[in-house]
Amino acid sequence: MTNRALFDQLSNPLEFKKGWIVIADAQGRVLTNVTDSVKVDNIKALPYLQDVYAAGQGWYSTKINGKQSMVVYQTNRLGWKIITVVSQQELWQKLQLIKNGAIAVSVLFVVLTIAVLSSFGLRIKNRLNSLVRSMRRVRDGDLGLTVKVYDKDEVADLEEEFNTMSLRLKQSLGEIAEARSAAETEKLKLLQAQINPHFLYNTLALVKSMAIDVGSAEIGRTIDALAKFFRLALNRGGDILPFREELEHVRAYLDIHESRFPGRLTTIFEIEEETLSCEIIKITLQPIIENALLHAFIRTGGRGTLHIRARLQDDMLCITITDNGSGMIPEQVKDLLEKAEGAKHRMGFGIYNVNERLQRQYRNAYRMTIQSKPDEGTSIGLFIPQQVSQIAVAI
């Protein structure tokens, strides 16, 4: 093995052309001269290498043949000196190459970083612009529009939230349109019921006069009840009326029923005074009572008892209508509240309609309960919210 091969690992990897390596023992005798650029048997004979024996390892700068050089040395366990001599000029040239290489690599890294960030930023910008365009389309009426969700980042969260908002907005507007259509249909029915009410009142007044002329007070009372029934039902076109007037409407209806079927129905009213000034949607109680009269007392030939209670509790008008009729099975109770078609084609469409109207008016603040068992009767509860400012003790 040559000297250079033996000590390649000790030399500078930059392979200085004007540098050399020498190994000497403790007495200065040259054991190995890797580059053989200096012919000497004892390094102590070289003035510029005298300082290597001053310490175990180190470096210093000195002039060799008029050129500034750097001497680097260290001592191994045998006491040998491993000395490297490098031209300072060549060292600085190599360092300059390293510096230029580092600068080039840094510039390349910066360029690549800018390119990657620009590409990422452009992608984010395009996604945001697409999201903004979709928002504008939704604003212009394209409801239910969704965008494609990319990746799992913050922008993806925005895209998912936009999709959820758009779908819910479409659903909500559909529900509003459906409710508005139902309200318009109901208004149309009310308008149809209000065709020329004065003509109806005048006709009833004429019939009453004719009944009095022939001495029939019974017919006169029935006509009075019928006139009151229509007057309160129409309510001058309004939908809301005091609970006091709703009770008058119910009593007028029950008076007419009593005229048709005298002595068959017993009605008990338990009404707290403070409930009379509460507000309620008109024609709320009459359909429920009519349903009881039509279906609850079939087995008894129309004979039975109705118990109507009303109280005010926690700003809630609580109304209970109880009959001692034939009652219902659980499936019938469920149909009354949930299945419009089932109620319409069998029984209880009036109750279903009342429930729907109150839900549209009061939303989740209102609730209806139905308790019924076969042969034990039915109890229907209405819980209608009231504003505190609207509640006053009735005079």
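Do the conditions hold for residue 138, that is, is it β-branched (Val, Ile, Thr), at pLDDT below 85 and assigned to a loop (DSSP other than H, G, I, E, B)? Step through it out loud before you land on a result.
Details: β-branched (Val, Ile, Thr): yes; at pLDDT below 85: yes; assigned to a loop (DSSP other than H, G, I, E, B): no.
So residue 138 fails the test.
So which of 301, 220 is in a loop (DSSP other than H, G, I, E, B), farther than 18 Å from residue 351 by Cα and at pLDDT below 90? Please lay out each step first, then the result.
On the way: 220 fails: in a loop (DSSP other than H, G, I, E, B).
Only one candidate passes the filter, namely 301.
Which of the residues belonging to region 263-294 are more than 45 Å from the chain's Cα centre (by Cα) and in a helix (DSSP H, G or I)? If you could, list the steps in order and put the result at the bottom.
Taking region 263-294 and keeping what is more than 45 Å from the chain's Cα centre (by Cα), we get 263-270, 293-294.
The answer is 293, 294.
Inspect all residues belonging to region 55-68 and state whether any of them is of a type in the set (S, T, N, Q), assigned to a loop (DSSP other than H, G, I, E, B) and in the same structural domain as residue 25 (by TED's automatic domain parsing).
Start the filter on region 55-68 by keeping residues that are of a type in the set (S, T, N, Q), which leaves 57, 61-62, 65, 68.
Now drop any that are not assigned to a loop (DSSP other than H, G, I, E, B), which leaves 57, 65.
Cutting the leftovers down to in the same structural domain as residue 25 (by TED's automatic domain parsing) gives us 57, 65.
Taking every residue of region 55-68 in turn, at least one turns out to be of a type in the set (S, T, N, Q), assigned to a loop (DSSP other than H, G, I, E, B) and in the same structural domain as residue 25 (by TED's automatic domain parsing).
Please go through region 48-97 and pick out each residue that is at pLDDT 85 or above, surrounded by fewer than 11 Cβ atoms within 10 Å (Cβ to Cβ) and of a type in the set (A, V, I, L, M, F, W, C).
The answer is 78, and nothing else.
Among the residues of region 351-379, what is the count of those that are in contact (Cβ under 8 Å) with a residue 60 or more places away in the chain and surrounded by fewer than 19 Cβ atoms within 10 Å (Cβ to Cβ)?
Kept after step one, since they are in contact (Cβ under 8 Å) with a residue 60 or more places away in the chain, are these residues of region 351-379: 351, 353-354, 356-358, 360-361, 377-378.
Next cut, surrounded by fewer than 19 Cβ atoms within 10 Å (Cβ to Cβ) only: 353, 356, 360-361.
Summing the residues that are in contact (Cβ under 8 Å) with a residue 60 or more places away in the chain and surrounded by fewer than 19 Cβ atoms within 10 Å (Cβ to Cβ) in region 351-379 gives 4.
To keep it simple, each residue is scored yes or no on (1) under 19 Å from the mean Cα position of the chain (by Cα); (2) free of Cβ contacts under 8 Å to residues at least 40 places away in the same chain.
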{"site": "122", "(1), (2)": "no, yes"}
{"site": "129", "(1), (2)": "no, yes"}
{"site": "132", "(1), (2)": "no, yes"}
{"site": "151", "(1), (2)": "no, yes"}
{"site": "165", "(1), (2)": "yes, yes"}
{"site": "168", "(1), (2)": "yes, yes"}
{"site": "174", "(1), (2)": "yes, yes"}
{"site": "179", "(1), (2)": "no, no"}
{"site": "184", "(1), (2)": "no, yes"}
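Considering region 131-186 alone, what residues qualify as being surrounded by 10 or more Cβ atoms within 10 Å (Cβ to Cβ) and at positive phi?
Selection gives 144, 151.
Restricting the first residue to region 14-29 and requiring it to be surrounded by fewer than 16 Cβ atoms within 10 Å (Cβ to Cβ), which pairs with a second residue that is at pLDDT 85 or above and assigned to a strand (DSSP E or B) meet a Cβ separation below 9 Å and a spacing of at least six or different chains?
Sorted first by the residue in region 14-29, then by its partner, the pairs are 25/81; 26/75; 26/81.
Consider region 236-250. How many of its residues are among the charged types (D, E, K, R), modelled with pLDDT under 90 and touching a strand residue (DSSP E or B) at 6+ places or on another chain (Cβ under 9 Å)?
Of the residues in that region, 1 qualify.
Output the residues belonging to region 282-303 that are on the phi > 0 side of the Ramachandran plot and surrounded by 19 or more Cβ atoms within 10 Å (Cβ to Cβ). Working first, answer last.
Step one: filter region 282-303 for residues on the phi > 0 side of the Ramachandran plot, giving 283, 301-302.
Within region 282-303, 283 is the sole residue that qualifies.
The values are calculated or read from the model by the stated rules, or taken from the named source; none is laboratory data. All values derive from a computational prediction rather than experimental measurement. Heads up, the Cβs are rebuilt from the backbone with ideal geometry, glycines too, and the neighbour counts pull from every protein chain shown.
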